[in-house]
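K.L.:
Dropping the structure in here first, questions after.
The values are calculated or read from the model by the stated rules, or taken from the named source; none is laboratory data. Only a predicted model underlies this, so the values are computations on that prediction, with no experimental measurement involved. Neighbour counts run over all protein chains shown; Cβ positions are idealised from the backbone, glycine included.
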Amino acid sequence: MAEYGLIQAYVGKGKGKTTAALGAVIRAVGHGANAAIIQFMKGNMYSGEIYSLSRFMDQVDLYKFGWTCPHSAMIKEGFMKCQKCGTCFRENRNPDNKYAVLAMELAGELTQSQKYKIIVLDEIGNSLNRNLIAETALISLLDSRPNGVEIILTGRSMPNSIIERCHYVTEVSAVKHPFEEGTDSRRGIEY
């Protein structure tokens, strides 16, 4: 059996789905694999985990498709925290958001290129659930992926037709979170 080539999904209402997917990328890069990360519904927002990938840019290609946080540069530099303005979330959930379709087209091209051992489709579940992309497009991508290309999907939930195609499905549940007690997002922990 090839080292790579399965389908993984990280789903659920808990924190850490993207982090788990990026952990798998870091592990694979440590073994010499090339990876692509396509973020659906996420523009150029600052996140420490994404910023840290710049250290691996010779092996990891990152593509962001979504509306950008208007304060990301200031957040990255540590001069500001998330203002909770909702711009990035509100605009990315807009039914007229065409970025997800572009991300899906790129996902198909990269999967067939065979340049990458791992391709992460981050927040694709939310794009499906908001009808920003067709479920049939993802099914086609998964069913036609070449041997040796591992696909990692993230999102709060996935349709059963996608779950059935996965070899790994990990559900991340929210048991307790400091947000519930009024604690704001913390630099280096939540972003």
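K.L.:
Looking only at helices (runs of 4 or more DSSP H) that lie completely in the stretch 1-79, which have at least 3 residues being at negative phi and modelled with pLDDT of 75 or more?
P.N.:
17-30
K.L.:
For residue 112, work out the one condition from (1) modelled with pLDDT of 95 or more; (2) in contact with an Asp or Glu (Cβ under 7 Å, 6 or more places away or on another chain) it doesn't fulfil.
P.N.:
It fails just one condition, (2).
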